[in-house]
Amino acid sequence: MTLFEAILLTVITASTPLLIAAIGELVVERSGVLNLGVEGMMIMGAAVGIAAAITTGSSAFGVLAAVLAGMAMAALFALLTLGLATNQVAVGLALAIFGLGLSGVVGAPFVGVQREGIGAIAIPYLSDIPFIGPVLFAQDPFVYAAFALVAGVSWFLFRTRAGLVLRACGENHASAHALGHHVLRVRFLAVLFGGACAGLAGAYLSLVYTPFWTSGMTAGRGWIALAIVVFASWLPWRAAVGAYLFGGVTILQLHAQSAGVPLPTQLLAAMPYLITILVLVLVMRLRGGGAGPAALGQPFVPDR
Amino acid sequence: MTTPLLDAPLLDATGLVKRFGALLANDHVDLRVMPGEAHALLGENGAGKSTLVKMLYGLLQPEAGHIAWEGRPIHLPEPRAARALGIGMVFQHFSLFDNLTVAENVALALDAAEPVPRIAARLAEVSRAYGLPLEPAREVWRLSVGERQRIEIVRCLMQDPRLLILDEPTSVLTPQEAEGLFATLDRIRAEGRAVLYISHKLEEVRRLCETATILRHGRVVARTDPRTETAASLARMMVGSEVAALRHAAAPPEGPVRLSVRGLSVAPDDPHGVGLKDISLDLRRGEVLGIAGVAGNGQEALFAALSGEVLAPRAEQIILDGAAVGRADINARRRKGAAFVPEERLGHAAAPRLTLSDNALVSGHAASGMVRHGLLDRGRMLGWVDAVTRAFDVRKGPRDPEARALSGGNLQKFVVGREVLRKPGLLVVSQPTWGVDAGAAGLIRQALLDLARAGSAVLVISQDLDELLEMADRIAVLFHGTLSPAEPVAGLTREAIGLRMGGAA
Amino acid sequence: MRRLVLERRAETPWALTLASPLLAVGLTLVSAVLVFLAMGRDPLEALFVYFIMPVSDAWGLQEVAVKATPLVLIAVGLALCYRSNNWNIGAEGQFLMGAMAGGWLAVATHGTGAGAWLLPAMLVMGALGGALFALIPALLKTRFGANEILTSLMLVYVAELLLDWLVRGPWRDPQGFNMPQTVVFAPEATIPLLMEGGRLNLGTPIMLLVVVLAALLVARTLKGFEITLVGEAPRAARFAGFDAKRLTWTVFAIAGGLAGLAGVLEAAGTVRMLQPGLSPGYGFTAIIVAFLGRLNPVGCLVAGVFLAITFIGGENAQIMMQMPLDVTRVFQGLLLFYVLGCDTLLLYRVRWVRRAEA
């Protein structure tokens, strides 16, 4: 394996949690809901995932538990924002704070416990293709899941009736309601899906990427996933581009640190955050304003 | 149509009750629609028409009463159930999605899961059959209002309805577009489909319908054949009493020009909007100038430019009492004696969750002495509320309630009164009586006329042609951002104005 | 079958405005009991340690005031932001930036025996540093339309890393055994204590003054009205001739300035040096304080005191009952959920109704 291949491989691993979380949030926002609590759902996924994996000794159980934890957090968010029509921005912030705290409590007994990460699965034949093979087809299952999510969500949103209804709820909930679509039900399911994705992304962090628990280990990835959705103009394949871009920046700064680039390591570590800001500005400048779902972030209370 | 079997009603609703908080929107309403009938549902704004049809379409649940379809009792938990029976509905405020295509918009209203390309093909077929041309792949925001309504109608027809409900369909159309709609409706009726036509426009109802149910304050007050009535007799049933005629001065005023606009062009502020193109007008002391036009032809841009919410490109494009104010902001114009009443009461003219005294401050902080050295004078703010309340008969519970606690008519009286009381030299008002009960509308119109007769200049932007014909000395028409020359009302006919509203002259 | 229905209220009874945060606090206490039970602890003992012990003696009360000072200072600024729909969630970064800007003076003049000008200059530098740092997301929002939630949050990480670099690199105490921290500030660069031997310093009266000024601003001035109106009804604000973009700058500058002031007060008063763990998350907890205080300056004071108690209670519980510190954050998060949920009561009437049957 060449050095370049090795770097690409690590870029893909670093990008995968961002991509999974971003795709989930993309669906949520397409339905008209802004859930800022991705960070909180993600870290709960990480904590519950490793706790379940260590307790049961099964990585699969860990992943399942992480997904359920993300969904439980999302359900809490949905209860407040959809059931009680509360301000989505504020509840999203609350979810982030709450998740960071609760994950610390859940993860506390597991600090310092090392375990084997989930290994790679090479796809027969495909992984033998020179260059592309080892980079794309000899990865861990999460990477494949991320690919499948991008394709699946893209197909769902733009090729199925349910996807059309979901987009309609995000564009104009009053009209969708008038046509008899169940706006709150659609949004609830979308929020749950977002929670499941964030939980899965968290499981990736604690079960594969750094296979042990540290408090606050998401390190702002949930927030970067939110930025990726904006960058992607709410299109799944562009979210993939965005996620690999951010993953690339993360890996490059790590390589730069280890290669002894004469810059403070803190400056290099700040690069992903600074790039996020830069990208948010550039995207707004190039696109000349928001192109998000028209009803994004607005609470809906049906007359009955 | 004379066989006894067909005499059974298609739809028979009895004793429907619907309550919103303290408001009894429908009070034991009965409605019977016969097969193939064109049935009008008449009533003022707020009489309960929309509530009634939303219950018939499964969007609202009645608290009491029964609905029968072809003699069988039915329950409509959601619109899907209504559509399955053959009830279709065209909404007043279209239930369309601007960023989706025509075909996608249609697909969202169909219950069978059909792939969008197949829907597009069927759509083309139906729109051809009824003479309602539509391009399936276009996004809705690119379409005109008339085209948008076509989508609503076509997607109802694609479900082969037995009863088509239309909620105020002509309120957004030019008279000529409305004629096209009537032709379509005639064709739909010729196929034996019934039409339930909601309107407060009496001439339309007389032309189109053979039965009318009239609602007032949530109750059915009359059932009649509108063709045997006069517009005046229908209006009496709708309003309940004769509406007082306005006291109108005889001669159009010839005072000095107070507001002069020259060659004003403004780009639209969002890509879907309409801007202004080379607008010129003169408004004299003592005069009421009416700006007619169908919604979405630049009314918002005109109000924003005249008020200073959006600045004109050059100062001398707007002259107020001799001063070039095109580059002056809204408060500078207020200090020069101008006042403004925007179209939207809640959210634009007033903040819903703030008290009336705070809302008095919204337009009053610049020129009414409510603020000194940056500090609020709460006493003066309250005094202003009291003065408006007295002069405009604003009905409210506490002395200083939140704006959202007032009814539409009372809030409108407040936001108009808030400006009129300052005796402005120029008043620009948009849709002064939109959605307001007849009593409040009369009071507001009279106040505007009195203000003009006392020497102010009043500019009224309105989509209600009757209102303009009643109040204005001269009328100009706004179409696609251009303004026709203002002409004295005496020399104008409804037809002439209607043609201009459609861009035909 | 029964279902929950929200009915819009025409008017909010003022008693509810007071009752809703109290209800939220009550629900949090009930949840706390459940959490303690789930953790197998005696809930009464835990409640005592968390909520009663911190306020049961003079020392504890002082400690509460010391912790409440930064919380309230930051929350008052955030309340102004949130009132006007400006979602500044980067107060943690602005706090650190203020500490660094003020701390720079202390480090640079260390050992020179600077005069009485030093301390006021540090406070001004701190406020200025926080304000300028907060103006970055404001600028990006008004000039480019970039989402201020994300940009202000990203800058928190940047500020943390900058502080980390400074105290490990250029500003590290040469005699500090390689610890990542600056020198201990000289007495002339230290906020004076109110009482000899106590913990309270000048920061607390400054905080109280800020609360009074902010309360006056909100209730009695045109600027305060502008802040409220821009948040309540942006189009009405434009109709009133208010410039929402300029206001974004103003409130971000105020919030950043107050957070920066809190930062320098913390660095030069309570901690007396710069170090990476300078803030135990004050900037984020202040978000909860702002909402619990109903975005009202006086409310923020009350809410800040309450959250300060949970901070100290959390520390007590860690020492005395071996409970993880994160339990405090769980309570804080829960409290914010309840506050927001109870807010629905203000706008809507919640009713259970029987679903209409055929």
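Suppose we filter region B:55-68 for residues that are assigned to a loop (DSSP other than H, G, I, E, B) and either within 14 Å of chain C (Cβ to nearest Cβ) or more than 22 Å from B:A194 (Cβ to Cβ) (or both); how many remain? Walk me through how you get there before you give the answer.
Taking region B:55-68 as the starting set, the residues that turn out to be assigned to a loop (DSSP other than H, G, I, E, B) are B:57-63.
Going one step further and asking which of them are either within 14 Å of chain C (Cβ to nearest Cβ) or more than 22 Å from B:A194 (Cβ to Cβ) (or both), we end up with B:58-63.
Number of matching residues: 6.
Per-residue answers, yes or no, for (1) at pLDDT below 95; (2) under 18 Å from C:L295 (Cβ atoms):
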site: C:L71; (1), (2): no, yes
site: C:L78; (1), (2): no, yes
site: C:C81; (1), (2): no, yes
site: C:N85; (1), (2): yes, yes
site: C:G102; (1), (2): no, no
site: C:G111; (1), (2): yes, no
site: C:V124; (1), (2): no, no
site: C:E148; (1), (2): yes, yes
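Given the options A:L286, A:L282, A:L267, name the one that is at the interface with another protein chain (Cβ under 9 Å from one of its Cβ atoms) and within 22 Å of C:E148 (Cβ to Cβ).
Details: A:L286 fails: at the interface with another protein chain (Cβ under 9 Å from one of its Cβ atoms); A:L267 fails: within 22 Å of C:E148 (Cβ to Cβ).
Step by step, each of A:L286, A:L282, A:L267 is checked, and only A:L282 is at the interface with another protein chain (Cβ under 9 Å from one of its Cβ atoms) and within 22 Å of C:E148 (Cβ to Cβ).
Taking region B:158-196, which residues are free of Cβ contacts under 8 Å to residues at least 40 places away in the same chain, among the charged types (D, E, K, R) and either farther than 30 Å from B:E114 by Cα or touching an Asp or Glu at 6+ places or on another chain (Cβ under 7 Å) (or both)?
Once the filter is applied, which keeps residues that are free of Cβ contacts under 8 Å to residues at least 40 places away in the same chain, among the charged types (D, E, K, R) and either farther than 30 Å from B:E114 by Cα or touching an Asp or Glu at 6+ places or on another chain (Cβ under 7 Å) (or both), region B:158-196 yields only B:E179.
Does region A:206-216 contain any residue that is under 20 Å from A:G92 (Cβ atoms) and either in contact with a helix residue (DSSP H, G or I) (Cβ under 8 Å, 6 or more places away or on another chain) or more than 10 Å from chain C (Cβ to nearest Cβ) (or both)? Don't jump to the end; show me each part of the working.
From region A:206-216, those under 20 Å from A:G92 (Cβ atoms) are A:216; that's our starting set.
So of that shortlist, the ones also either in contact with a helix residue (DSSP H, G or I) (Cβ under 8 Å, 6 or more places away or on another chain) or more than 10 Å from chain C (Cβ to nearest Cβ) (or both) come out as A:216.
Yes, region A:206-216 has at least one match.
Between residues in region C:68-95 that are at positive phi and residues that are part of a helix (DSSP H, G or I) and buried (at least 24 other Cβ atoms within 10 Å of the Cβ), which pairs lie under 9 Å by C-beta distance while being six or more apart or on different chains?
As it stands, the answer is C:N85/C:V230, since those pairs meet every condition given.
Looking at C:E45, C:E63, C:E92, which is the one that is of a type in the set (D, E, K, R), over 23 Å from C:T228 (Cβ atoms) and buried (at least 24 other Cβ atoms within 10 Å of the Cβ)? Explain how you work it out, then say what you get.
Values: C:E45 fails: buried (at least 24 other Cβ atoms within 10 Å of the Cβ); C:E63 fails: buried (at least 24 other Cβ atoms within 10 Å of the Cβ).
Exactly one of C:E45, C:E63, C:E92 is of a type in the set (D, E, K, R), over 23 Å from C:T228 (Cβ atoms) and buried (at least 24 other Cβ atoms within 10 Å of the Cβ), namely C:E92.
I'd like to know if region A:225-236 contains one or more residues that are under 30 Å from B:C156 (Cβ atoms) and either surrounded by fewer than 24 Cβ atoms within 10 Å (Cβ to Cβ) or within 14 Å of chain B (Cβ to nearest Cβ) (or both). Steps first, answer last, please.
Filtering region A:225-236 for residues under 30 Å from B:C156 (Cβ atoms) gives none.
Checked region A:225-236: no residue is under 30 Å from B:C156 (Cβ atoms) and either surrounded by fewer than 24 Cβ atoms within 10 Å (Cβ to Cβ) or within 14 Å of chain B (Cβ to nearest Cβ) (or both).
Consider region C:273-294. How many of its residues are out of contact with any Leu (no Cβ under 8 Å at 6 or more places or on another chain) and over 21 Å from C:I191 (Cβ atoms)?
Total meeting the criteria: 3.
Results for (1) modelled with pLDDT under 85; (2) in a loop (DSSP other than H, G, I, E, B); (3) not charged (D, E, K, R), shown as yes or no for each residue.
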{"position": "A:A227", "(1), (2), (3)": "no, no, yes"}
{"position": "A:S233", "(1), (2), (3)": "no, yes, yes"}
{"position": "A:F246", "(1), (2), (3)": "no, no, yes"}
{"position": "A:L252", "(1), (2), (3)": "no, no, yes"}
{"position": "A:Q266", "(1), (2), (3)": "no, no, yes"}
{"position": "A:A270", "(1), (2), (3)": "no, no, yes"}
{"position": "A:L278", "(1), (2), (3)": "no, no, yes"}
{"position": "A:R285", "(1), (2), (3)": "yes, no, no"}
{"position": "A:P299", "(1), (2), (3)": "yes, yes, yes"}
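Hand me the list of helices (runs of 4 or more DSSP H) wholly inside region A:56-160 holding 1 or more residues that are surrounded by fewer than 14 Cβ atoms within 10 Å (Cβ to Cβ) and more than 14 Å from chain C (Cβ to nearest Cβ). I'd like the intermediate steps shown before the answer.
Details: elements: A:59-78, A:88-107, A:132-136, A:141-159.
Those helices (runs of 4 or more DSSP H) span A:59-78, A:132-136, A:141-159.
Can you tell me which condition B:K49 does not meet? The list is (1) charged (D, E, K, R); (2) over 26 Å from A:P293 (Cβ atoms); (3) within 14 Å of chain C (Cβ to nearest Cβ), and all the others hold.
Status for B:K49: all satisfied but (3).
Could you identify the single residue in C:F284, C:F311, C:F331 that is touching a helix residue (DSSP H, G or I) at 6+ places or on another chain (Cβ under 7 Å) and at the interface with another protein chain (Cβ under 7 Å from one of its Cβ atoms)?
Answer to the selection: C:F284.
Suppose we filter C:L23, C:L78, C:L34 for residues that are buried (at least 24 other Cβ atoms within 10 Å of the Cβ), part of a helix (DSSP H, G or I), within 14 Å of another protein chain (Cβ to nearest Cβ) and out of contact with any Phe, Trp or Tyr (no Cβ under 6 Å at 6 or more places or on another chain); which single one remains?
Working: C:L23 fails: buried (at least 24 other Cβ atoms within 10 Å of the Cβ); C:L34 fails: buried (at least 24 other Cβ atoms within 10 Å of the Cβ).
Among C:L23, C:L78, C:L34, only C:L78 is buried (at least 24 other Cβ atoms within 10 Å of the Cβ), part of a helix (DSSP H, G or I), within 14 Å of another protein chain (Cβ to nearest Cβ) and out of contact with any Phe, Trp or Tyr (no Cβ under 6 Å at 6 or more places or on another chain).
Within region C:275-333, work out how many residues are without any contact (Cβ under 8 Å) to a residue 24 or more places away in the chain and over 18 Å from the mean Cα position of the chain (by Cα).
Final tally of qualifying residues: 6.
Which one of B:L421, B:L443, B:L411 is over 21 Å from B:A351 (Cα atoms) and assigned by TED's automatic domain parsing to the domain that holds B:V388?
Among B:L421, B:L443, B:L411, only B:L443 is over 21 Å from B:A351 (Cα atoms) and assigned by TED's automatic domain parsing to the domain that holds B:V388.
Mind listing just one residue for me: the one in region B:143-154 that is over 18 Å from the mean Cα position of the chain (by Cα) and touching a residue at least 60 places away in the same chain (Cβ under 8 Å) and, of those, nearest to B:Y197 (Cα to Cα)?
Per the criteria, the residue is B:I153.
Can you confirm whether B:L134 is among the hydrophobic types (A, V, I, L, M, F, W, C), touching a helix residue (DSSP H, G or I) at 6+ places or on another chain (Cβ under 7 Å) and more than 18 Å from B:G296 (Cβ to Cβ)?
Details: among the hydrophobic types (A, V, I, L, M, F, W, C): yes; touching a helix residue (DSSP H, G or I) at 6+ places or on another chain (Cβ under 7 Å): yes; more than 18 Å from B:G296 (Cβ to Cβ): yes.
So B:L134 fits the description; yes.
Could you please give the count of residues in region C:150-197 that are over 24 Å from A:Q266 (Cβ atoms) and either touching a strand residue (DSSP E or B) at 6+ places or on another chain (Cβ under 8 Å) or within 14 Å of chain A (Cβ to nearest Cβ) (or both)? Talk me through it step by step, then tell me what you get.
The first filter runs over region C:150-197 and keeps only residues over 24 Å from A:Q266 (Cβ atoms), leaving C:186-197.
If we keep only those that are either touching a strand residue (DSSP E or B) at 6+ places or on another chain (Cβ under 8 Å) or within 14 Å of chain A (Cβ to nearest Cβ) (or both) too, we end up with C:191-194.
Adding up the residues that qualify gives 4.
Of the residues in region B:334-359, how many are within 27 Å of C:R220 (Cβ to Cβ) and either more than 25 Å from the chain's Cα centre (by Cα) or in a loop (DSSP other than H, G, I, E, B) (or both)?
Of the residues in that region, 12 qualify.
Return a yes/no flag: does region A:65-73 have any residue that is at pLDDT below 90, within 22 Å of A:T218 (Cα to Cα) and not charged (D, E, K, R).
Filtering region A:65-73 for residues at pLDDT below 90 gives none.
Taking every residue of region A:65-73 in turn, none turns out to be at pLDDT below 90, within 22 Å of A:T218 (Cα to Cα) and not charged (D, E, K, R).
Yes/no per residue for (1) more than 21 Å from B:M238 (Cα to Cα); (2) basic (K, R); (3) crowded, with 23+ Cβ neighbours inside 10 Å; (4) touching a Ser or Thr at 6+ places or on another chain (Cβ under 7 Å):
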residue: B:V29; (1), (2), (3), (4): no, no, yes, no
residue: B:G43; (1), (2), (3), (4): no, no, yes, no
residue: B:G48; (1), (2), (3), (4): no, no, yes, no
residue: B:L52; (1), (2), (3), (4): no, no, yes, no
residue: B:G58; (1), (2), (3), (4): yes, no, yes, no
residue: B:E63; (1), (2), (3), (4): yes, no, no, no
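Given (1) touching a helix residue (DSSP H, G or I) at 6+ places or on another chain (Cβ under 9 Å); (2) surrounded by fewer than 17 Cβ atoms within 10 Å (Cβ to Cβ); (3) at pLDDT 90 or above, where does C:M39 come up short, assuming only one miss?
Condition (3) is where C:M39 drops out.
From the residues in region B:187-222 that are assigned to a loop (DSSP other than H, G, I, E, B) and of a type in the set (K, R), which one is farthest from B:D27 (Cα to Cα)?
Only one residue fits best here, namely B:R193.
Determine if region B:271-285 includes at least one residue that is over 23 Å from B:D464 (Cβ atoms) and either in the same structural domain as B:D98 (by TED's automatic domain parsing) or out of contact with any strand residue (DSSP E or B) (no Cβ under 6 Å at 6 or more places or on another chain) (or both).
yes
Would a scan of region B:446-454 turn up a residue that is buried (at least 22 other Cβ atoms within 10 Å of the Cβ), in contact with a Leu (Cβ under 9 Å, 6 or more places away or on another chain) and modelled with pLDDT under 90?
no
The values are calculated or read from the model by the stated rules, or taken from the named source; none is laboratory data. Quick caveat: nothing in here was measured; it's all calculated off a predicted structure. Note that each Cβ is placed from the backbone with ideal geometry, even for glycine, and that neighbours are counted across all protein chains shown.
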